[in-house]
Structure formats: C-alpha cells, structure tokens
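The numbers here are math on the coordinates, done by the rules we state, and not lab data. Bear in mind that the values here come from a model prediction, so they are computed numbers and not experimental data. Positions of Cβ are backbone-derived with ideal geometry, glycine not excepted, and every protein chain shown enters the neighbour counts.
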Amino acid sequence: MDNINEQFDLIIIGGGAAGLAAAVSYGKRRGSSSRYAVIEKERKPGRKLLATGSGRCNLTNLDMSEDYYNDSAKAFVSDVISRMTPERLVSEFKKLGLLCKPDEAGRVYPYSNRSDSVLDVLTNWLEHTGAKLFCDTKIDRIEACAGRFVLYSGNKCFHTEKLILAAGGRVQKNLGSDGSSYEFARQLGLECTPVFPSLAPIIVNDKSLSLAKGVRTAASVSVICGGKKLHTEVGELQFNEKNISGICIFQLSRYVNEYFAGVSNYKKPVIIADLAPDISKNELTDYFYTKQKILPETPVSEMFTGLLNKKLGAYLLKRANISGMDNPISRLSENQLEAIVNIVKECSFEPCAISAENSAQVTAGGVALTEIDRNFRSRKYKGLYIVGEALDADGLCGGYNLHMAFAGGFISGAHAAKEEKKHDKNKRA
Ligand SMILES: Cc1cc2nc3c(=O)[nH]c(=O)nc-3n(C[C@H](O)[C@H](O)[C@H](O)COP(=O)(O)OP(=O)(O)OC[C@H]3O[C@@H](n4cnc5c(N)ncnc54)[C@H](O)[C@@H]3O)c2cc1C
C-alpha cells in the first residue's frame, strides 16, 4: 500500500456538492500557485449529487428566503443568501459553463435536466485548475497542531495549512456521507447540535394503512402540535405499508423527527390530511347525500367511486368504522355519513417513530453556526472552513439544501484563496 505523507496548502475533505464547489472556487483563484487536493472516501466524487432531484439536480430556487430553513439558521442563511442569491449562483455556474433553467415553480435545474452535467462541469474544472483528487480515501482522524492540520487515512497521512470540511451529513450512507463530519467536529472540539433525519417519509401507527398502499392522491397536509397548526403543505400524498410520503410529507417531517429526536419544544405531533382539498365540507356532505338519494342501492364499498381512488375509499371506510361493505348506501345513518365526510376532510395520522436515515434527503442539526463566521471560517481555527450539510442549516425540498452547499463551497473557496494571496503579499513585502 502507498505510504503517503504529503504536504498541501489546502485540503478539502469530501467531493460532494459543497466540496467540489469549494475546490473549483479556490482553484480558479489560486491555480498552479497552490498545491491543493480533494479527498473523497468513495470510488468517485459526487455520488449524492448525481442522485439529487431524481437525477435532475434541483440546484437552487428563485423563490429564496431564510424562511425555508430551520429556525436556528435563519440569521446566518439570510446573510448567505444576500451574498449568494439564486441568480448569482446560476451566474457562477454559467461562468463554469453550466447553463440552468427554472421550472414554473422557480426550481432551478441544469439546462440538460441531468445531474451529471453539474458533476461533470465541476470535475472538469477540478482537473483544469490542477487539483489533486484522492478517491477511495476515507479520512479517519484530524489533528490540529500549531495552526496546521494532519489528516489520517489508514497508513496515509496528509498535512495542510488550510482545511475545508465538506464531508456532508449522515443520511443515505450508501451515497457516501456517514456522519464523519460530526466525528471530525468532536476531534477538533467544535460544538454540534443533535442530528436527525429530515425530508423523509413519516412512519405512522395505523394498522389499516396497507389498505391504501400505493395510492397517490392530492392533499392538503398539516402538522399539528398541542392543538397548534405549525405548517401546511399542498401536494401529492403517497400511502405506503408503514409510512406516508410525498414531497408534502417530506416538508413536514422535520417537526416530527425533532420530536422523536428529543429536541422539540412542542407536544407530540399529529398529521392531518384533507383528501379533497378543493371541495368544502358542505359540498362533500351534499355529494354523499345526493348519491344516497339518487343511487340508494349502491353498495357501501362503492361509496367513493367517482370521487377518490377505490383503494383509498376502502381505507377511509375502515377508518370511519363503517362495516357491511355489501349493504346499500341507503342504510347509512346521518352519523355515519358525517363520519365519512370527516375522515376525508380531516384524516389524522399518528407518527410513531423517527424516519429512517436511509429514506431521508437531508440531515438536520450539525456543526453549530456559532462556530463559523460569514465566510464559513471557523472562529477557533483560522485555517479551517466548514460547509454544506455538515452544518446546522437545513432547508425544505426545492433546491434549498444544494443552494446552501454550493453557496458555502463558492464563498469558502474564494475566501481561502483571498487569505492566501494576502499572506503571499505580506511575505513578499
Ligand atoms: C436522494 C436525494 C435527493 C436530493 N435532492 C436534492 C435536490 O434536488 N435539491 C437539493 O437542494 N437537495 C437535494 N438533496 C440534498 C443534497 O443532496 C445535500 O444536502 C447535499 O448534497 C449536501 O452537500 P454536501 O457536499 O454537504 O454533502 P455530500 O453531497 O453528501 O458530499 C459529502 C462528500 O464527502 C464524502 N465523505 C464523507 N465522509 C468522508 C470522509 N471521512 N473522508 C473522505 N470523504 C468523505 C462523501 O462520500 C461525499 O461524497 C437530496 C438528497 C438526497 C439523498
């Protein structure tokens, strides 16, 4: 095996979105005047980046605001997005040769609609600027001594003046990031907030859920804690064997997982779905009464025909405690019709466990933002930067997580290069 003991001006741990952006941003400014490297534990960089946006990479959103990020990150994010607006991010990518286009909701994708275009542009620039790329190299330990850093990976040892920590979060370990960032933070004595999965399916306690397995339906979904509605989303709700999912559920999952991770100030959350969001309760009641009057012999099992998916109908009848599926609907009482209307308009789900990490899109929590300044530089170590999902700044679905990862990469890389130039100038003077 190689016995590497190399010296660098800058090392970036992690060849993901944030790490590659940092490397390119630094390399464009320093180029051959600097020795720098990206160290990646996987066989190739950017595995998670390739999986983003269902292979299309939703890299930012024109509708950008700190409101789309966790509460503790809002002030920090507000400053970052004022300096790296979505338009600026798109223009940074354009300078690298990547054209982008927004969809009708403002979500920005590469013009090719392919995430590999984003990765290719970044890795081509990496090569062009002379970066050294070490793959299949997992950093196990970092030591800081006398203003420098020593990184250990098996029998390899890397020395560097500057270090950009871009090792990602802890979800979907099969795509690379395995929580190393938090271990590095611990080794360097940096504070971390509790980490837990977000943007994920919500596991619910409901034995009849499998009746609706596979159904996708339009819904307005809210998370309620202690009687207070915290957040509502409209979108496609998907029913699975043991969980509910879909983008609208992902957007609510942080509240649920915060509770199960023990870091929530709220009472146990409940999810309420309106499964006929365009129809008022009165209209729905009229619909069922009319059906009962005009088609009294219709079997109860056909109650939802013409309104909702049949499998979903069977599930809702079960949830409304209606039995006798072969009975005619004329036999349903007023109370039973009311129960049916209520379950459609306010179908409640009781979350019962934290979402699985291998089903989540992002890690909430991480290195505390108080540890870094507005250039993502550590307050404790002048040569250290921390970027991307490793930080306690997570956003909603829609390009917000990649925006932060790329913004952190571009800003930190540029700052590290500027600091070095300053240093070179002082040395010459
Ligand atoms: C399926 C899926 C779809 C998503 N879609 C979107 C989307 O469309 N839009 C959006 O905004 N966000 C999306 N996200 C979230 C987004 O991908 C992440 O937030 C973002 O990639 C974080 O970037 P990062 O560079 O911090 O981490 P990563 O992209 O995870 O990169 C970190 C890199 O560090 C490497 N690494 C980790 N530990 C070590 C170590 N010890 N030594 C060496 N290397 C190490 C990893 O292998 C990895 O390559 C999606 C996430 C998933 C899972």
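Just a few scattered comments:
- Ellipsoid equivalent to region 81-132 - semi-axes via the Cα gyration tensor, in Å: 22, 14, 7
- Helix-only [θ]222 nm of the chain, DSSP H runs n ≥ 4, -39500 (n - 2.57) each, per residue, nearest 500: -10500 deg cm²/dmol
- Sparse-neighbour loop sites [GluC sites (Glu not before Pro); region 275-354; at most 15 other C-beta within 10 Å; DSSP]: GLU297, GLU346
- Residue order, fewest to most beta carbons within 10 Å, for ASP9, ASP67: ASP67, ASP9
- Neighbour counts of other Cβ atoms within 10 Å put ARG83, ARG170, ARG43 in the fewest-to-most order ARG43, ARG83, ARG170.
- Distribution of pairwise C-alpha distances over the chain, 20 Å bins, in %: 25, 46, 21, 7, 0
- For region 56-84, backbone nitrogen atoms closer than 19 Å to the point 7 Å from THR232 Cα along Cα-to-C-beta are found at 68.
- Angle between the chain longest axis and helix 281-294 axis [Cα atoms, degrees, rounded to 10]: 40 degrees
- Using a cutoff of 8 angstrom between alpha carbon atoms and counting only pairs six or more residues apart, the relative contact order for region 201-355 works out to 32 percent.
- Ranked PHE93, PHE134, criterion: other C-beta atoms within 10 Å, fewest first: PHE134, PHE93
- Counting only Cβ charges, +1 for Lys and Arg and -1 for Asp and Glu, the dipole size of the chain around its Cα centre is about 1280 debye.
- Helix axis angle, 17-30 relative to the chain longest principal axis, alpha carbon, degrees: 30 degrees
- Residue of GLY31, GLY366, GLY154 that the Gaussian network model of the chain assigns the largest fluctuation, springs spanning Cα pairs under 10 Å: GLY154
- Charge sum, other residues only, whose C-beta stays under 11 Å from LEU96's C-beta, Lys/Arg counted +1 and Asp/Glu -1: +1
- Amide H contacts under 5 Å for ILE12, placed H, 5+ residues apart: ALA37, VAL38, ILE39, ILE164
- Radius 13 Å from Cβ of GLU233, net charge of other residues (Lys, Arg +1; Asp, Glu -1): 0
- Each Lys and Arg contributes +1 and each Asp and Glu -1, all at the Cβ; summed about the Cα centre of region 156-315, the dipole is approximately 320 debye.
- In degrees, nearest ten, helix 86-96 long axis to first principal axis of the chain (Cα): 50 degrees
- Percent RCO, i.e. relative contact order, over region 300-408, from Cα pairs under 8 Å lying at least 6 residues apart: 17 percent
- Projection of the Cα convex hull of region 201-355, averaged over all directions and equal to a quarter of that hull's surface, yields 8.6 nm².
- Put simply, the amide H of ASP394, placed in the peptide plane, has neighbours under 5 Å in ASN70, GLY365, leaving out anything fewer than 5 places away on its chain.
- Kirkwood-Stokes translational diffusion coefficient of region 304-429, alpha-carbon pairs, 20 °C, 1.002 mPa s, µm²/s: 107 µm²/s
- Calculated P(r) of region 1-150 - Cα pairs past 24 Å, %: 42 percent
- Using a Gaussian network model of the chain in which every pair of alpha carbons under 10 angstrom is joined by a spring, one finds that among ALA314, ALA200, ALA273 the greatest mean-square fluctuation is at ALA314.
- Fluctuation leader among ILE11, ILE279, ILE411 - the chain, Gaussian network, Cα springs under 10 angstrom: ILE279
- Sites ASN265 and GLU183, calculated FRET efficiency, Cβ-Cβ separation with R0 25 Å, nearest 0.05: 0.35
- Calculated from the alpha-carbon coordinates, region 172-248 shows an Rg and a Dmax of 17.3, 50 Å respectively.
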